[in-house]
1. In the structure displayed, which of K129/K170; K12/K170; K35/K129; K12/K142 lie more than 31 Å apart, Cα to Cα?
2. DSSP loop GluC sites (Glu not before Pro) in the range 111-169 with at most 11 other Cβ atoms within 10 Å of their Cβ, which ones?
3. May I ask you to sort I171, I136 by Cβ crowding, counting other Cβ atoms within 10 Å and putting the fewest first?
Amino acid sequence: MSSLDINTKLLKLHMAWPARKLHAAANTEAVEFFKYLFLNYHDLDEVQALKSVADAAQFIEQNARVLYAKSTRKQPLGIDPRIEPRVVNKYEVVLSTQKFAQDVEMMAMTANGNTLDIALHGVCVELDKVLPEASILTLLLKMDDDRKFELAAETCWVRPLEAGQLMGLKIVESLNFALWRDHYKSLKNQSLFD
């Protein structure tokens, strides 16, 4: 495999890395990217070409212009690119890391907060404290009518606040998702008439 092929494949892996934005240009980027590659793609030739964190850091440095180029395409004002409409609301939420998280520091951490908007497969929450980014979280939604939905969610993005953080989550289709889907349909219909 040529060095150009290796570089191209590593670029694709970096672009698909779920924690890419979290570690972008941070001191931890090379270490976290290296760990991600070897935990998930250790059998690929392009990953085996990286012998150390220093190699990962060199790859990131040499490709910074490609990895962090700003898009020149602009979304027209007033157009939301999301497929599912968001319902603006303020429901109570409890977010917790999975008890079986790989990182011991992340096991069973919780944060309370409120939703800012919600869709069938996504939600934006405002939390009272910083919760580490995790791959799978437990999301407990408490509705105005006292109904509760316990759902699985994946972190898409985080933004720090003065006290706490904003977090964008993708709701994963899991055990209670069918009940949530039925309730969301009524929420969406209700919001059309508000």
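1. Details: K129/K170 20 Å; K12/K170 22 Å; K35/K129 26 Å; K12/K142 39 Å.
Over 31 Å apart, Cα to Cα: K12/K142.
2. Values: sites: E126, E133, E150, E154, E162; in loops: E133, E162.
Passing sites in the range 111-169 are E162.
3. Numbers: I171 22, I136 14.
Sorted ascending by nearby Cβ count, the order is I136, I171.
Every number here is computed from the coordinates shown, using simple stated rules; none is lab data. For clarity, every value in this text was computed on a predicted model and none was experimentally measured. Heads up, the Cβs are rebuilt from the backbone with ideal geometry, glycines too, and the neighbour counts pull from every protein chain shown.
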